[in-house]
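Below is one structure, written out as structure tokens, with a few remarks after it.
The values are calculated or read from the model by the stated rules, or taken from the named source; none is laboratory data. Computed from a predicted structure; not experimentally measured. Please note: Cβ atoms are built from the backbone with ideal geometry, for glycine as well, and neighbour counts cover all protein chains shown. Quick note on the areas: whole protein, heavy atoms, side chains included, nothing else; ligands and nucleic acids left out. Shrake-Rupley method; radii C 1.70, N 1.55, O 1.52, S 1.80 Å.
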Amino acid sequence: MAKPKFDIGDEVRVRNQTSLFHTRTQKYTRGHVGVVSDHRPEWVIPEDEAFGRVEDGRKEPFYVVRFKQTDLWPDYTGFERDTLESEFSERWLEPARKEK
Amino acid sequence: MSGSHHRHDGHDGHDGHPTFPVASRVSEFEILELAVRELAIEKGIFSAEDHRRFAEWADGVGPHGGSKLVAKAWNDPEFKRRLLENGTEACKEVGIDWLKPTGTGTPSDYTFFYVLENTPEVHNVIVCTLCSCYPRPVLGMSPDWYRTPSYRRRMVRRPREVLAEFGLHLPPEVEVRVHDSNQKSRFMVMPMRPEGTEGWSDEQLAEIVTRDTMIGVALPKAGRTSDEDVQAKAAWR
């Protein structure tokens, strides 16, 4: 099992890439910064699994990322402390600082 | 349902009462399902018997598995610890095996199960914006509204307003945490044990842990035992 690139507590940015193939990275999270709140087991990435590559697909660490709702939605109507969690394969994440 | 003693074949009754058509119309989705199913059987991906067995399982599951998990966890801190640590394993203790009946996990894909514990500080709620992923082995089939684009797109960006539409108003000091099931994890909310339930047995507690409380759109209350106990009236005459 590959060592996860990001630790719990790290600030990460969801890559703002175009979906060329099947992905389960929602558009509304792309380009946004969140904090890694948990690790998930290594899975075959959906980009491969969607094409039937269950056995020989690329496996990657997955992460739970917690976003502040006010970071995701500029017009958020709830409260500052509200959050949203979602999961990402490593290829969709990058350190938050680098591209600022 | 009781009522009509005789059936017409999908046309208005001669006596002026509307009758309910029996499969007089088929949606494109149903045709697609049938076609894919027949192809899969023909190709030997699964058998008609496998399909029947799965359909039987799917029709039989409901939220009672989840209710049992929560009730047991409320009464037994050790079980609660195991449940939060490894949801899939702890499920076996109440007779739910996530690998059954397909042998490769529940349909929709192989999954990992996580129980989200509500606290006085954090209220969890689940949604799947990509399709309608749902922890079927413990909660059964998802309610229709859970699958609607309206719930899915609004829960992630206007959670407090959507919760208010369900009658749930959470104070500003509680963090609302939305979980979008976009990958292989499936989630269930473990609500907080309500007041007035001291000394209750697992069975008594399970009755108030309804489906909606485990999705996170409602809170359990001593006395309220079903999400669907409202007698609906026909919307047309």
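Tabulated data for the structure shown
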{"item": "Prolate/oblate/rounded label for segment B:106-158 (Cα gyration tensor, a/c 1.5)", "result": "oblate"}
{"item": "Portion, in percent, of the accessible area of segment B:63-232 that falls on carbon or sulfur, probe 1.4 Å", "result": "51"}
{"item": "In the A-B interface, the accessible area buried, summed over both sides, Å² (probe 1.4 Å)", "result": "2400"}
{"item": "Whether segment B:54-187 is rounded, prolate or oblate, judged on the alpha carbon gyration tensor where a/c under 1.5 counts as rounded", "result": "oblate"}
{"item": "Segment A:11-95 - percent relative contact order, Cα under 8 Å, separation 6 or more", "result": "32"}
{"item": "Flagged links, alpha-carbon separation over 24 Å, of A:5/A:59; A:3/B:184; A:27/A:68; B:72/B:100; B:100/B:184; A:27/B:80", "result": "A:27/B:80"}
{"item": "For A:23-32, mean number of other protein chain Cβ atoms within 10 Å", "result": "3"}
{"item": "Cα centre as origin, Lys/Arg/Asp/Glu Cβ charges: the protein assembly as shown dipole, Debye", "result": "800"}
{"item": "DSSP beta bridge pairing in the protein assembly as shown, given as percent antiparallel to the nearest 5", "result": "55"}
{"item": "Kirkwood Rh and Cα Rg combined as Rg over Rh, evaluated for the protein assembly as shown", "result": "0.99"}
{"item": "Value of D in µm² per second that Stokes-Einstein yields for segment A:44-100, Kirkwood Rh from Cα pairs, at 20 °C (1.002 mPa s)", "result": "157"}
{"item": "Accessible area in square angstrom per residue, segment B:63-232, 1.4 angstrom probe", "result": "45"}
{"item": "Overall form of chain A per C-alpha gyration tensor (a/c, 1.5; a/b vs b/c)", "result": "prolate"}
